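The values are calculated or read from the model by the stated rules, or taken from the named source; none is laboratory data. The shown structure was predicted, so the numbers you read here are calculated from the model rather than taken from an experiment. Every residue, glycine as well, gets a Cβ built from its backbone with ideal geometry; the counts of neighbours run over all protein chains shown. What goes into the accessible areas is simple: the full protein's heavy atoms, side chains included, and nothing from ligands, DNA or RNA. Shrake-Rupley method; radii C 1.70, N 1.55, O 1.52, S 1.80 Å.
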Protein chains: 2
Amino acid sequence: MPARSTALAGLARRQAARQLPAAIRPAFTTAATARPSSSSLSRAAPLRAFSSTPRRAGGNVPARADYKKLTAADVEAFKSFLSTPASSLFTTIASPDGSWTPVNEDDLIGYNKDWMDKYVGHSQLLLKPKSTEEVSKIMAYCYKERIAVVPQGGNTGLVGGGTPVYDEVILSTEAMKEVRHFDEVSGILTADGGAILESLSNYLHPKGYMMPLDLGAKGSCHIAGNISTNAGGLRLLRYGSLHGTVLGIEAVLPDEKGTILSVGMPGGRGGALRKDNTGYDLKQLFIGAEGTLGIVTGVSIMTPRLSSAVNVAVLSVPDFKGVQKVFQETRGHLGEILSAFEFWDQEGLELVLHHTGQKTPFEGEPEGGRAFYVLIETSGSNNDHDSEKLGSLLEHLLESEVIADGVLAQDETQVASLWSLRESMPEAAGKLGKVYKYDLSMPVKDMYSLVEEARVRFEEHGLIKDGSIKSVVGYGHIGDGNLHINIVADRWDEKIEKTIEPWIYEATAARSGSISAEHGLGVMKAPYVGYSKSDESIDVMQAIRKLFDPRGILSPYKYLPPVKEPQAAN
Amino acid sequence: MPARSTALAGLARRQAARQLPAAIRPAFTTAATARPSSSSLSRAAPLRAFSSTPRRAGGNVPARADYKKLTAADVEAFKSFLSTPASSLFTTIASPDGSWTPVNEDDLIGYNKDWMDKYVGHSQLLLKPKSTEEVSKIMAYCYKERIAVVPQGGNTGLVGGGTPVYDEVILSTEAMKEVRHFDEVSGILTADGGAILESLSNYLHPKGYMMPLDLGAKGSCHIAGNISTNAGGLRLLRYGSLHGTVLGIEAVLPDEKGTILSVGMPGGRGGALRKDNTGYDLKQLFIGAEGTLGIVTGVSIMTPRLSSAVNVAVLSVPDFKGVQKVFQETRGHLGEILSAFEFWDQEGLELVLHHTGQKTPFEGEPEGGRAFYVLIETSGSNNDHDSEKLGSLLEHLLESEVIADGVLAQDETQVASLWSLRESMPEAAGKLGKVYKYDLSMPVKDMYSLVEEARVRFEEHGLIKDGSIKSVVGYGHIGDGNLHINIVADRWDEKIEKTIEPWIYEATAARSGSISAEHGLGVMKAPYVGYSKSDESIDVMQAIRKLFDPRGILSPYKYLPPVKEPQAAN
């Protein structure tokens, strides 16, 4: 493998001179593609238009409960709550007196269906309120009339959490998207729930700050949706989860008053504070509640300083054991500047190269035709220091033969190119077929054996041979023990799904893992929460849900298994 | 001020040579005192012995509720739940058949009374169960019999949260103090609730890890107590709050089964995982719940890598505006290596120097006799890099005349000495008199005006002149907007207290602050939560408390204002 030794020699020379090792090898010989600022998920606009007839995958959905079926009188009531009904209310229900113009079912399909073409509902009413007060009036009415509601952000979810199951009213945060306040001293940002993640990033960058989370869907996803799904993403390793960075939440509760619960928000009692121990930290319940406790209409969040120095390297590692070794060495060498540690497998690389038309950044094929790939990102305040640390790590990894090859980005364009190898993965999988996506967390050492088991299983079930399953790709966030498996099928199919589920959840539970690391439960995983949580925990969760939503009108059929019927006393 | 210019010249020379600036000036010309590994709070042993008659400060305590008064039969029952009753059960109640030896009231005083000599209860029974199962049996019995319970950790609290108000059973976590598990790859530590913070630190250090929190009481406080009060401490700026670092909790609920709720703990379903989005994050409720929802018997927590390089500087800054300026510059220059940013005022410095007999580390008196003092700590993985960053900051601050003087620690002993200036503050105040302690958070710019207002107020009320109030000291964590005011009085006194409260809470609310940043509510602040939280929030909190503790047996009279009586329907 001449590439390695060449790189090693060069590195050693540079390192001896105590200079920044310019590169293991400059990244990419092909024209570098810019890091997509909006990924496949953010190409939301076309979603609103397509009119194919999707089918709902999975047979787990409970029957429609006895929520009120909407009438024209209800539409009239909703209309009265809205300051600009013409741009906030869309319904397929006819108006008896012509006071609104109904829309076609197709006009609502972008809200009734998810972007993967996997989940579809049949809501007759889409509301896009413009203020928290409007949301409050809507919720009070829905409580009184027992009308089911599904809150929807950017509709970028993967588990059918944001789309209606039946005819729930869709309450979109789309029209509430402003930054409310930013404190340049503390870095605390306050925004409407419907603010788009990327817009917030763009707002912060010129001020020297950044959002503490970043994910593929950033161009479409709403901050309230991020919070409601406790989105993890690419920066969690460095900046921690939203449970640590979110300081406040404004939410409208599904009760008779449409109570506006505001905790840790500027202007309210207490304000947005980094430390506040006055009672239960209620906002935490809303982080990851998927809209089952209330509609998140506002948020305050701590934003870190923008790093002035960012470096990215992608390494080729012969086996998964090596990936773990690289992770340990990386944490030791890079310490406080490590900001991402991502991995993907050979299938993942090939999928992306095929999709983007890029050439591999590495010279030649890996030994045996297979390798794992690791992306390491550093973010710091001094590029000389960071480059020295990263150079020392890479030299060490090459010398100890833990890695086979590597590329180091030389400029921002190459940083973007290297990131695109990882970030194009969902899009590339989506182009190849229908993607069964699983988002699991578990101890790092157990992560990849699950992917291997899956391949063997599908082979044994004949799903590879008959072309039902086209590829099984493993990638994810090593630093967080978070594995994404994408199983690319040629169609949505019950037989395929039954071969995957619940086997994949059992395999995760056997590794003491979580069946939902960062994507949420929605309608897809609601029945399976018991694989990762005890009966006692689920009982408490159901009691909390009932406490907040006594009439069960928010996001029904989702998030938790159906409440167990109490046993009759004998 | 010759000291400054000398230091500046030296710095500039060293900086020009691109070397580590050895110091603004070596820290301390007096013999350096070692950083106390256990502070005043950790000198808990004597507490168990004193027998003075303390008085309870404050007139906010509700009347005793109609909990069962303990009988010998109850003691017999508790005895049956314990594997080693002789070392786990201590009661002043006589045994009708001699099956246990009662203790004197004095033997329990160390558990009935807080370390500040401010809060005292009259419990007749102290339990120190050895296992979660024992706690479960105890709680099930207390539920059935409606016996009130106060959980107690290291009894290091400041708000009367850990001591009984009347005759509540004291449930101490003292006998459950083992490390259960440590994963050297992930850094995830699992321990019993009664494990002492410093013991956990000592366990981790040889393995290259550290606890993500550090506070003065580390030698005595229990990790379950830290979690139950959401302790902040000295490292929050860098490692974030426990809401981000705690991964799992095992807690015993006050219900008929003494349900053991285990979430995010190894061995249970789901394990201890960095990412887990399967349902509401129940553990978050227990963080800062002060034992009102359940008894925390176990915890899993992410521990960061031990930093190989630690640097500390203490600076003298002419005014509070300068302190804010230094903070902004420090964040800019030190970025990812900043691990603490503490401040104290002239009164604080003088108090500590008087108490410890140390000489000031600065040359001469500050201009006008007053200054503010800032402690900056860096923690990183490369001492050369960190020293260069810190040197560049200090040079910049001196050149721009934002700081008047400064000292930089040269070795670990000096690091400890500089830290002791800040960490000895509570102890020094305690030696001078009875200390009314307030722990507030608010926007940084508003922090110190509150201290100044307090001094004017006490002056106007004649409390300074008559010697009732001996000193008003302000210090705290600038990075977290967390101000500690210590008001040193000559006695616990209702007149003094009424001059302070509720004025100080009103002054905090006027600054959109929190009346409890990191110390909790306990009995002291329960009536005042409304200064920092809306009525809606408090209503929700009370409903959650009732959901977990329907018979109200855990930590009664504390944490939240009494539940409003429902208004009679007319």
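Select from the range B:183-200 the residues that are assigned to a loop (DSSP other than H, G, I, E, B) and open to solvent by less than 20 Å² (accessible area, probe 1.4 Å) and write down the one among them that is nearest to B:Pro266 (Cα to Cα). Walk me through how you get there before you give the answer.
Keep residues of the range B:183-200 that are assigned to a loop (DSSP other than H, G, I, E, B), which gives B:184-187, B:193-195.
Now drop any that are not open to solvent by less than 20 Å² (accessible area, probe 1.4 Å), which leaves B:187, B:193-195.
On the way: B:Gly187: 13, B:Gly193: 15, B:Gly194: 18, B:Ala195: 17 Å.
It comes out as B:Gly187.
Checking each residue of the range A:226-241 against the condition of being open to solvent by less than 10 Å² (accessible area, probe 1.4 Å), of a type outside the set (Ser, Thr, Tyr), at pLDDT 95 or above and outside any loop (DSSP other than H, G, I, E, B) gives at least one match. Going residue by residue through the range B:178-197, is there one that turns out to be within 14 Å of the chain's Cα centre (by Cα) and over 26 Å from B:Glu256 (Cβ atoms)? Within the range B:178-197, one or more residues are within 14 Å of the chain's Cα centre (by Cα) and over 26 Å from B:Glu256 (Cβ atoms). Quick one: is A:Gln414 in contact (Cβ under 8 Å) with a residue 12 or more places away in the chain, part of a loop (DSSP other than H, G, I, E, B) and farther than 23 Å from A:Pro318 by Cα? Taking the combined requirement at face value, the residue does not satisfy it.
Across the range A:328-339, a minimum of one residue is classified as within 14 Å of chain B (Cβ to nearest Cβ), touching a residue at least 12 places away in the same chain (Cβ under 8 Å) and not in a helix (DSSP H, G or I).
Out of B:Glu256, B:Glu290, B:Glu350, report the one residue that is part of a loop (DSSP other than H, G, I, E, B), more than 8 Å from chain A (Cβ to nearest Cβ) and surrounded by fewer than 24 Cβ atoms within 10 Å (Cβ to Cβ). Write out each step before concluding.
On the way: B:Glu290 fails: surrounded by fewer than 24 Cβ atoms within 10 Å (Cβ to Cβ); B:Glu350 fails: part of a loop (DSSP other than H, G, I, E, B).
Testing whether each residue is part of a loop (DSSP other than H, G, I, E, B), more than 8 Å from chain A (Cβ to nearest Cβ) and surrounded by fewer than 24 Cβ atoms within 10 Å (Cβ to Cβ) leaves just B:Glu256.
Within the range B:464-473, take every residue that is without any contact (Cβ under 8 Å) to a residue 60 or more places away in the chain and in contact with a strand residue (DSSP E or B) (Cβ under 8 Å, 6 or more places away or on another chain) and give me the one that is most open to solvent (accessible area, probe 1.4 Å). Ranking the qualifying residues of the range B:464-473, first place goes to B:Lys470.
Is it the case, given these coordinates, that B:Gly476 is under 20 Å from the mean Cα position of the chain (by Cα) and either more than 10 Å from chain A (Cβ to nearest Cβ) or in contact (Cβ under 8 Å) with a residue 24 or more places away in the chain (or both)?
Values: under 20 Å from the mean Cα position of the chain (by Cα): yes; either more than 10 Å from chain A (Cβ to nearest Cβ) or in contact (Cβ under 8 Å) with a residue 24 or more places away in the chain (or both): yes.
Considered against the rule, which asks whether it is under 20 Å from the mean Cα position of the chain (by Cα) and either more than 10 Å from chain A (Cβ to nearest Cβ) or in contact (Cβ under 8 Å) with a residue 24 or more places away in the chain (or both), B:Gly476 comes out as yes.
Within the option set B:Lys144, B:Lys130, B:Lys79, being part of a loop (DSSP other than H, G, I, E, B) and in contact (Cβ under 8 Å) with a residue 12 or more places away in the chain holds for one residue only, B:Lys130. Scanning the range A:201-217 finds no residues that are modelled with pLDDT under 95, open to solvent by less than 10 Å² (accessible area, probe 1.4 Å) and at the interface with chain B (Cβ under 9 Å from one of its Cβ atoms).
Residues that are in a loop (DSSP other than H, G, I, E, B), at pLDDT 95 or above and open to solvent by 70 Å² or more (accessible area, probe 1.4 Å) within the range B:514-570 comprise just one, B:Arg551.
Is it the case, given these coordinates, that A:Ser131 is small (Gly, Ala, Ser), open to solvent by 20 Å² or more (accessible area, probe 1.4 Å) and either modelled with pLDDT of 95 or more or not assigned by the TED database to the domain that holds A:Gly225 (or both)? Answer is yes for this residue.
From the list B:Val374, B:Val314, B:Val310, B:Val296, the lone residue that is surrounded by fewer than 20 Cβ atoms within 10 Å (Cβ to Cβ) and part of a strand (DSSP E or B) is B:Val310.
Only one entry in A:Gln152, A:Gln124 is under 19 Å from the mean Cα position of the chain (by Cα), closer than 21 Å to A:Thr84 by Cα and polar (S, T, N, Q), namely A:Gln152.
Would it be correct to say that A:Gly380 is crowded, with 24+ Cβ neighbours inside 10 Å, small (Gly, Ala, Ser) and closer than 30 Å to B:Leu338 by Cβ? Full working, then the answer.
Numbers: crowded, with 24+ Cβ neighbours inside 10 Å: yes; small (Gly, Ala, Ser): yes; closer than 30 Å to B:Leu338 by Cβ: yes.
Considered against the rule, which asks whether it is crowded, with 24+ Cβ neighbours inside 10 Å, small (Gly, Ala, Ser) and closer than 30 Å to B:Leu338 by Cβ, A:Gly380 comes out as yes.
Against the criterion of being at pLDDT 95 or above and open to solvent by 10 Å² or more (accessible area, probe 1.4 Å), B:His461 qualifies. Within the span defined as the range A:377-386, one or more residues are touching a Gly at 6+ places or on another chain (Cβ under 6 Å) and farther than 20 Å from A:Phe320 by Cβ.
Annotation note: Cβ proximity below 6 Å between a residue of the range A:92-110 that is in contact (Cβ under 8 Å) with a residue 12 or more places away in the chain and farther than 19 Å from A:Lys69 by Cα and a residue that is surrounded by 12 or more Cβ atoms within 10 Å (Cβ to Cβ) and among the charged types (D, E, K, R) (sequence gap 6+ or interchain) occurs for A:Gly110/A:Arg48.
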